[in-house]
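Asker: Structure in structure tokens, see below.
Bear in mind that the values in this text are calculations on the coordinates, not laboratory data. Predicted model only: the values in this text are computed from it and were never measured. Don't worry about glycine lacking a Cβ; one is built from the backbone with ideal geometry, like all the others, and counts go over all protein chains shown.
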Amino acid sequence: MSNLIADDPIADNQVADNQVADNQVADDQIAKSTTDVVSSSDSRDPHTINADLHCHSFYSDGTLAPAALVQRAKANGVQLMALTDHDELGGLAEAAEAAADLDVRFVPGVEVSVSWGGETLHIVGLGIDPGAPDLIAGLAGVRSGRDARAREMGAQLAAVGHPGAYEGAAALAGNAGLVSRTHFARWLVERGACDDVRAVFLKYLVPGRPGYVPHHWSRLTEAVGWIRAAGGVAVLAHPARYRVGELALAAMIEEFRTAGGEAIEVASGSHTRDQVRRFARIALAEGLEASRGSDFHSPIESHADLGYAPVLPDSVVPVWHRW
Ligand code: AMP
Ligand code: MN
Ligand code: MN
Ligand code: MN
């Protein structure tokens, strides 16, 4: 295994201060001014393309329709985009059609929930065939436990003074099969329990807090296998978000690569400048390609708007050279 704590081969000036999302921005001040947008029109060089390969529609826990997402991406200068709903492919046809109409290059995607060593990981699949049977069946299995989990979350929240949370969250979900913690968080904000979704995730829905229900998602090797069998590339999503130390991270990446994972999301809307540098270094050391995605969910909640994730350092290979 390569050394994840090697000296930083990436020069400081490759990621300038103003190129990274400030994840301290208030919820109503979605990061645009503090992030970089790639503006070159050289369509041959992947480093100069504004690619946003991670976002959500209301088929999972985003608030916009797939076509509205594509319109927003286009307006923000995105040239290549992927829709990556959690465990769900239902929005891809609409997004692809809107992208064709607006002359935005489109990559079908998904974000698969995985349980790994007590942590939930997210594996983005890019360039997948939405008709691939193993992927369809695998995702149906991953989704199947959500309703029972959501009911238990509702029971826990009722016990701390928030009755009706399950019904409330379900009513906010665009997809009855995909009631997520985000929908509970939105309902708690509507109810006045917290000021915004981010505040909810400090007080509720996380380990040790009311509304957190441990869940078994898919296995890492399964998720990567479904993506590969669908002709896609597996990307380890927002790696800075996992609460693991250096050794566990190395083990995670080793298992991901052994399963056939080929890329890591170096530039996420939720990554700081230092995190972009750290994961660029890891991508280089591990021979992984690099992805970039805002992880946009909603105009009022997300760290970064569509097209406004940090840019990739020049040293890494953008995964979208493939498309
Ligand atoms: P679930 O798949 O039901 O566990 O919901 C996970 C979703 O919750 C993620 O995809 C995020 O959209 C959202 N989420 C998790 N943690 C946070 C957080 N700290 N702040 C805002 N949203 C979060
Ligand atoms: Mn989400
Ligand atoms: Mn995620
Ligand atoms: Mn996501």
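Asker: Within a 10 angstrom radius of the beta carbon, how do GLU255, GLU190 rank from fewest other beta carbons to most?
Answerer: If I rank by nearby Cβ atoms, fewest first, I get GLU190, GLU255.
Asker: Over all pairs of distinct alpha carbons, what does the Kirkwood formula give as the hydrodynamic radius of segment 64-110, in Å?
Answerer: Over segment 64-110, the inverse of the mean reciprocal pair distance is 10.2 Å.
Asker: What nm value, rounded to one decimal, do you get for the distance between VAL244 and SER144 when each label is placed 7 Å out toward the C-beta?
Answerer: Here the modelled spin labels are 2.6 nm apart.
Asker: With a/c under 1.5 counting as rounded, go ahead and sort segment 211-264 into rounded, prolate or oblate using the C-alpha gyration tensor (a ≥ b ≥ c being the square roots of the eigenvalues; past the cut-off, prolate if a/b is larger than b/c, else oblate).
Answerer: It is oblate, given that a/c is not under 1.5 and a/b is not larger than b/c.
Asker: Hey, another quick one. May I ask for the angle, rounded to the nearest 10°, between helix 246-259 and the longest principal axis of the chain, with both axes built from Cα atoms and the value confined to 0 to 90°?
Answerer: Rounded to the nearest ten degrees, it is 80.
Asker: ³J(HN,Hα) across segment 92-99 via Karplus (A = 6.51, B = -1.76, C = 1.60, θ = phi - 60°), whole Hz, x for Gly/Pro?
Answerer: 5, 5, 5, 5, 4, 5, 4, 5
Asker: How far is helix 181-190 tilted off the main Cα axis of the chain, in degrees rounded to 10, range 0 to 90?
Answerer: Around 60 degrees separate the two axes.
Asker: Of LYS74, LYS203, how do they rank once you tally other Cβ atoms within 10 Å and put the fewest first?
Answerer: LYS203, LYS74
Asker: How tilted is helix 220-229 with respect to the longest principal axis of the chain? Cα atoms for both, answer in degrees (0 to 90, nearest 10).
Answerer: The two axes meet at around 60 degrees.
Asker: Same structure, new question: Over the chain, what is the relative contact order in whole percent, taking alpha-carbon pairs under 8 Å and six or more residues apart?
Answerer: About 26 percent, as a whole number.
Asker: How large is the convex hull of the C-alpha atoms of segment 135-198 per residue, in Å³?
Answerer: Here the figure is 80 Å³ per residue.
Asker: Could you please rank LEU92, LEU247, placing first whichever residue has the fewest other Cβ atoms within 10 Å of its Cβ?
Answerer: LEU247, LEU92
Asker: Could I ask something else about it? Quick check on segment 232-323: take the gyration tensor over C-alpha atoms, sort the square-rooted eigenvalues as a ≥ b ≥ c, and tell me if it's rounded (a/c under 1.5), prolate or oblate.
Answerer: In terms of gyration-tensor shape, prolate.
Asker: Cut-off 10 angstrom, C-alpha nodes, Gaussian network model of the chain. Which of GLY261, GLY287, GLY245 fluctuates the most?
Answerer: Its mean-square fluctuation being the largest, the pick is GLY245.
Asker: Pick from PRO46, PRO310, PRO66: which residue has the top mean-square fluctuation in a GNM of the chain where Cα pairs under 10 Å get a spring?
Answerer: It is PRO46.
Asker: Among DSSP bridges having both ends in the chain, what percentage is antiparallel? Round to the nearest 5.
Answerer: Expressed as a percentage, antiparallel bridges in the chain total about 40.
Asker: With N set to the number of residues, divide the alpha-carbon radius of gyration of the chain by 2.2 N^0.38 Å and report two decimals.
Answerer: 0.94
Asker: Moving on. Where does the chain land at 222 nm, in deg cm²/dmol rounded to the nearest 500, when only DSSP H runs of n ≥ 4 count, each adding -39500 (n - 2.57), divided by all residues?
Answerer: The helix contribution divided over the chain gives -10500 deg cm²/dmol.
Asker: In a GNM of the chain with a 10 Å cut-off on Cα contacts, which of LEU102, LEU89, LEU121 has the highest mean-square fluctuation?
Answerer: For the chain, modelled as a Gaussian network with Cα springs under 10 Å, the answer is LEU102.
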